[in-house]
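A short write-up of the structure that comes next.
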Ligand SMILES: Cc1cc2nc3c(=O)[nH]c(=O)nc-3n(C[C@H](O)[C@H](O)[C@H](O)COP(=O)(O)O)c2cc1C
């Protein structure tokens, strides 16, 4: 007998009812202006994908130093806040909760995009070696980052707070802290990128300190039940390596579980940033970590409708994200509901450019929806 669909059940997230369990996960598309100001084209893109139950914005940088790539939006200036308002309103038009993903890339940045023209800052002066920076001229090696001073860490924590306040002003319902994919928060968590000898390095407690300070600061602007955290526990993409990932991330999830957060967002082990790869040898089953968290769990990575229903049915996830499927199928929830065929993702226009490969994927005209 066919099981009933759970994807279209509602769920209360941070006191807010969601129309379904389908998540638009954070997807960088590089369509803001060069000053990180959201555009009308972005408004159209989010309007098209407003059928999700939860819309998480693309990574939004918290300060000019936090960025790695051109045309990524920010939430640190008044113009950015004003320009986000219509984008957020468009994403909310069918009742989705809309969260901003707050992002600082740390050592994944490059001197060519740093305001002072110097190498980026990170927990320790350890470069990424297995990967190359995507510069306009092509791939170039990552630089040795400058080690953050404790005063600079405090400044970054405060910048997260300002960005969260700005997110509320722009109309976002909540924020997601990007603690995945080897970016700054993840650089503090993993011992391959954090060799500090002060109270931000060494023990698990010390390596989690930065994340917990950011949560405390952000919680001055919005309740904990409107703050989500994204982790990619098994990924070693961008040298996010640890001698004992299982203990590190189990400890992190247990600690986060005490904070009354909106959700924990787990990226599946087969995902390296934005692509599907072989599962790393030291990968941790998502269900194992999800079981340590009593609140709402989002799982994203390589899922389709069938596997998502399975995750909901077996209790691993409460919500499921669909990244690449949602890029190519703006009306993904309607397609799931009606069993309509899915459009394939086209390589052109994934990062940067204009309308093509961004807002020109077709939506089905389905009567009665
Ligand atoms: C074009 C593109 C941009 C992405 N940008 C972000 C981002 O800004 N922040 C983030 O946490 N993950 C980002 N991701 C990762 C996705 O959120 C997601 O984890 C990944 O695509 C796996 O899910 P999927 O198999 O459903 O696509 C990006 C992925 C893609 C394909």
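Throughout, read-outs are computed from the coordinates displayed, never taken from laboratory work. Quick caveat: nothing in here was measured; it's all calculated off a predicted structure. Methodologically, a virtual Cβ is constructed for each residue, glycine included, from the backbone with ideal geometry; neighbour enumeration extends over all protein chains shown.
Assorted remarks:
- GNM flexibility winner over the chain from 314, 304, 331 (Cα, springs under 10 Å): 314
- Helical mean residue ellipticity (222 nm; -39500 (n - 2.57) per DSSP H run of 4+; nearest 500) of the chain: -8500 deg cm²/dmol
- Cα gyration tensor category, rounded, prolate or oblate, for the range 75-226 with a/c compared to 1.5: oblate
- Helix 245-257 and the long axis of the chain differ in direction by around 70°, with both axes built from C-alpha atoms.
- Helix 150-170 axis, angle to the chain major axis (alpha carbon atoms, nearest 10°): 20 degrees
- Ranked list, fewest to most other Cβ atoms within 10 Å of each Cβ, for 242, 116: 116, 242
- The range 269-322 versus the range 57-85: alpha-carbon centroid distance in Å: 28 Å
- Helix axis angle, 204-218 relative to the chain longest principal axis, alpha carbon, degrees: 60 degrees
- For the options 140, 215, 185, a Gaussian network treatment of the chain with springs between C-alpha atoms closer than 10 Å singles out 140 as fluctuating the most.
- Note on the chain: GNM, Cα springs under 10 Å; of 342, 102, 148, the largest mean-square fluctuation is that of 342.
- Whole-Å semi-axes of the chain's equivalent ellipsoid (Cα gyration tensor): 30, 24, 20
- For the chain: relative contact order, % (alpha-carbon pairs under 8 angstrom, 6 or more apart): 16 percent
- Protection-proxy order for peptides 197-207, 320-330, 83-93, each taking the mean of Cβ atoms within 10 Å per residue, highest first: 320-330, 83-93, 197-207
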